Every structure is written in C-alpha cells, then in structure tokens.
Amino acid sequence: MSLQMITVGHNIALIQPGFSLMNFGGQVFFFGQKGWPKRSCPTGVFQFDIKQNHLKLKPATFSKDSCYLPPLRYPATCSYKGSIESEKYQYIIHGGKTPNNELSDKIYIMSVACKNNKKVTFRCTEKDLVGDVPEARYGHSIDVVYSRGKSMGVLFGGRSYMPSTQRTTEKWNSVADCLPHVFLVDFEFGCATSYILPELQDGLSFHVSIAKNDTIYILGGHSLANNIRPANLYRIRVDLPLGSPAVNCTVLPGGISVSSAILTQTNNDEFVIVGGYQLENQKRMVCNIVSLGNNTIEISEMETPDWTPDIKHSKIWFGSSMGNGTVFFGIPGDNKQAMSEAFYFYILKCSDDDVSEEQKNFTNSQTSTEDPGDSTPFEDSEEFCFSAEATSFDGDDEFDTYNEDDEDDESVTGYWITCCPTCDVDINTWVPFYSTELNKPAMIYCSHGDGHWVHAQCMDLAERTLIHLSEGSNKYYCNEHVQIARALQTPKRGLPLQKPPMKSLHKKGSGKVLTPAKKSFLRRLFD
C-alpha cells in the first residue's frame, strides 16, 4: 500500500464531507459540491483531474435533454449495467442532502450522452417510482443484483428526518434511523417493493455493502437509536424468476464493527475496506481485505499504510473510492496556522500493481498536528460511505478550469426548492428577485399541515417583510392558507394615538392676542 499527499487548486472549498466519485470511460468525476451550482459550473459535476501530484476540478457539461441534478451530499450511488453482459455503465444516484438541508427521495440515472476528444457530455434523467417508494434519506446504500438475466436495484438503511408531527423548532433537523426494510427497485418500469426480513431488526446507516451477482453483503454500520456499531454481517440474496421476486437474509459470523468506511475494489472478487470509525471520535486505522467466493465471504486484516502523524491525530476523515484499489480522502487542516487549508487530501493505493513511477515519487510532507484536541469533533450525522469505480485519472486541457473568482456574480445562480403548486418560477431561467436571494433563496415555510416551502415572490411579499419574518419564530402561512393564520392570530391592541395640541399664535408672555394685521405680517415674514 502506498500513500501520497496531493495539492488542490483554488477550488478546494468545493470538496467537503459527503461527496462521491464516479467513473465514465476511464475518467473520474466529482459530484456533491458544497453549496448550489454556480455560474462557472451550473451542473455541479467536475472532472477529477490529477496530474503531477496536483488536483484540478474541471466543469462537466450536460445534454440539453437532461433534467436538473441538485448537488447531493451523502447520497447512495452505484454503477449499473442493463445486463451482466453489457459493457455500458450508468450510475444510479438516490437520496442525499441538498444545500438547503432537505433530504431527497428522487432517483437519478447518469449516463454518457457523447464523448469527443476525452470531453464527456452527460445525460441525467429522473426516474419516477410507484409502489412502495422509499422515503427521503441519506447515509444508505443502493446496489444492483443480477439474476436469471434480469437486474434489480436493492436499497437499504439510512437516516431520515423525524416525522413532521414530531419536529419542533428546537429539533427541526433531528434525524432517526429508517426502518430496516429492503427495497427492490425495477429501474426499467419504475416499480419499488418493500420487504420486511426478520433477520433485520434495527435500522442501520453508513454501512458497507458489496454486491456480486444475486447477492449483497451488508457489513457494520451505525444504529442511531442504540448508538452502537454492531459487528454485523448479513447476506441478502435476491431471486428474480418470472413471477414475484424472492428475497431472503442470512446472518453470518465474522462481521466487523465499523461505520463510514470506504470500500474500493482491487479485482473481480477482492475488495479493501479503508478508514471509518469504530467508536464515536475514534477512527478505525485498520484496513481489511474482503474476498468473495460463489457463496462465501472472508474478511481479514491487511497491512496498514504508513499513516502520517496528521492522519493519526485527526479526529475525522472522509473520502470516496476512485476504483482500481485507489482511495481519495481528506482530513481537517492545521487550524493553528493562519494560512492553513481547510482540508488536506491524500491518495491511498491499496494495490501496487498499477502504481506508476510518478505516483511512487509523491511526497508526504505536511506539518504535524501535535494536539489532537484541536481537531473538529466527529459527529455521527456527518458520517457517509460511498463506493465508485475508476481506473485512471486522465485529463483534458481543453476543459475550462473552474474559477472560484467568478462566483462574485451570482445573478444567474439557480436554487432548487419546493414551492406551491401555482409557482411560476422556472428553475432553469431563475434570476434573483430580492437581494436576499444572493445568499439564500428568498422563501418562507408555510406551517399548514405537513408544511411546505413557498417562494416569497409567489406570496407577493416585499423584501422588508421577508426579512422581518425571518427574524421571528412564529408560524407563518402562505397565501393559500392565510385565512388559517388570520383565524389563529389575534391582532395586538395598540395604544391610542396622542394628538399634539395646536400651536397658539399668542405672543409668549404678553397675554395679548395678536391683531389680524400682525398675524398677516408674520405669515408673510416666515413664508
């Protein structure tokens, strides 16, 4: 195993916990930037270009018939082929968090629309589901199984917000484990079916999932309800006959206690588990090799890389698989230094077979963090686990490099939010209407029923009114439910206006009334 530190260009601020990496045609692409897509890259997808120990994010383009893909962090992603014999890969993206801290329940399918001179144009389509539609979530897994010449998606685990009836202002962003149901998703017909398996009793998130043919293995994970990381090892087998699918689960011995680990594949039947956490605020520094047989799985420890002092001392780390036994991960920067970066990034090569001389010559120099107490404390809500495949880091200089300096002009920045049914704001041509929208969407949360977000424009609210509402903590209602608000709220009783007495035209201290001639003279004088 070899470890190399890399430098990142001025767009380093885009790489935050929760991103994922995908591979199309031998090129690695970054997805899940911090914040909404900007003018310099409206798609929010970047080519992951590494040359001479330096990383650049180059904006990617989408075809005109693509749907809008919001930047999602902590989603479930997996590669997908229509059949096991097919060579054309697509990527499935489900769930995740939006920059508004909302959870998505949508499924997106990303594919290559065209590729010329190493420049890739993507096509993104949204897949509508019917049946037992999985609720919005993050920190879960999605895999594809193949049985009897057919394929099916398998979704499991994750976290979601508490039901709206239990959410309060203080605990508005509180999350809970999703029910331990297994969902089968037919990507061709858009059907979803939920299965309750007696072996799966507790909800899990940020676990490791490995798929081979008709079988999925679930390892580790974190139970938020019990705040434990049990040494789980489940085998879920899916049979796809002509009739209804058959799903069964078996509990296997030899599991590992880990959450938020990164999984990378070294060959057809061998995987490596890197990183993760074994306890809260305690990283798991041991690496495991996972070998799959026809019906067997073996997990064993392997030689760990020579971790730098900074990696050992940091309390958190995050990353994703680049495929081919390669892992990209980051740790917090040294906050003792005035010019310190927010994060430092590394590439870990788990297999030396494909390591080039250039990669072997990478250096690991970095200032040590002597006091681990200064590191940012780890929170379970920030855990994640992704896997993707990649084989090389090819780049193309014809791509336009992302320039963060261009973000000062956000006049064409788009925001993807939920609004009322009568909303006429086109997200594809959206421009700011209020100055508050330059920093966040100018919207208000209607408290009727389960609640929904509404554009302030659609409510005909003035900007000063919007600012006033945002400063309070009361419930507010949109135009469609404003009568409810009027019925609930009693107008405050105001004090009666005090009319000032009219100024007398008497001469002060004289007690005499001015004559009409003097009054006329004074009026002309002051006029």
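Structure notes:
- Condition check for N226: open to solvent by 50 Å² or more (accessible area, probe 1.4 Å), farther than 28 Å from N295 by Cα, in a loop (DSSP other than H, G, I, E, B) and in contact with a helix residue (DSSP H, G or I) (Cβ under 9 Å, 6 or more places away or on another chain): no
- Residue among S141, S147 that is of a type in the set (S, T, Y), modelled with pLDDT of 90 or more and closer than 30 Å to G451 by Cβ: S141
- Within the stretch 51-67, considering residues that are in contact with a Gly (Cβ under 8 Å, 6 or more places away or on another chain) and either open to solvent by 20 Å² or more (accessible area, probe 1.4 Å) or without any contact (Cβ under 8 Å) to a residue 40 or more places away in the chain (or both), the one farthest from R123 (Cα to Cα): H54
- Residue match in the stretch 166-175 (condition: touching a strand residue (DSSP E or B) at 6+ places or on another chain (Cβ under 9 Å), within 30 Å of K475 (Cα to Cα), part of a strand (DSSP E or B) and not acidic (D, E)): yes
- Checking every residue in the stretch 110-127 against the condition of being at pLDDT below 90 and not in a strand (DSSP E or B) gives at least one match.
- Residue list for the stretch 203-223, restricted to those being within 27 Å of S291 (Cβ to Cβ) and either outside any strand (DSSP E or B) or of a type in the set (D, E, K, R) (or both): L204, F206, H207, K212, N213, D214, G220, G221
- In the stretch 273-321, the residues that are touching a residue at least 24 places away in the same chain (Cβ under 8 Å), among the hydroxyl-bearing types (S, T, Y) and not in a strand (DSSP E or B): T304, T308, S314
- The single condition from (1) in contact with a Lys or Arg (Cβ under 9 Å, 6 or more places away or on another chain); (2) without any contact (Cβ under 8 Å) to a residue 24 or more places away in the chain that V144 fails is (2).
- For the stretch 182-195, the set of residues classified as closer than 20 Å to I92 by Cα and either outside any loop (DSSP other than H, G, I, E, B) or open to solvent by 40 Å² or more (accessible area, probe 1.4 Å) (or both) consists of V182, F183, L184, V185, D186, E188, F189, C191, A192, T193, S194, listed by residue number.
- Scan of the stretch 128-145 for residues that are of a type outside the set (A, V, I, L, M, F, W, C), assigned to a strand (DSSP E or B) and surrounded by 20 or more Cβ atoms within 10 Å (Cβ to Cβ), ordered by number: Y138, S141, D143
- Residue match in the stretch 241-248 (condition: within 18 Å of Y146 (Cβ to Cβ), open to solvent by 30 Å² or more (accessible area, probe 1.4 Å), in a strand (DSSP E or B) and in contact with an Asp or Glu (Cβ under 7 Å, 6 or more places away or on another chain)): yes
- Residues of the stretch 20-73 classified as among the basic types (K, R) and touching a Leu at 6+ places or on another chain (Cβ under 7 Å), total: 1
- Scanning the stretch 4-18 for residues that are in contact with a strand residue (DSSP E or B) (Cβ under 6 Å, 6 or more places away or on another chain) and not in a helix (DSSP H, G or I) returns Q4, M5, I6, T7, V8, G9, P17, G18.
- Yes/no for R486 being assigned to a helix (DSSP H, G or I) and at pLDDT below 65: yes
- Restricting the stretch 20-50 to residues that are among the β-branched types (V, I, T) and either open to solvent by less than 10 Å² (accessible area, probe 1.4 Å) or closer than 24 Å to Q4 by Cβ (or both), the residue that is farthest from the chain's Cα centre (by Cα): I50
Quick grid of which residues meet (1) touching a residue at least 60 places away in the same chain (Cβ under 8 Å); (2) closer than 27 Å to G275 by Cβ:
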{"site": "E170", "(1), (2)": "no, no"}
{"site": "C178", "(1), (2)": "no, yes"}
{"site": "H181", "(1), (2)": "no, no"}
{"site": "P198", "(1), (2)": "no, no"}
{"site": "L204", "(1), (2)": "no, yes"}
{"site": "K212", "(1), (2)": "yes, yes"}
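The values are calculated or read from the model by the stated rules, or taken from the named source; none is laboratory data. Nothing here was measured: the structure is a model prediction, and the numbers come from that model. So basically every Cβ, Gly included, is an ideal-geometry build from the backbone, and we count neighbours across all protein chains shown. Side chains included, ligands, DNA and RNA excluded: accessible areas come from the protein's heavy atoms. Shrake-Rupley method; radii C 1.70, N 1.55, O 1.52, S 1.80 Å.
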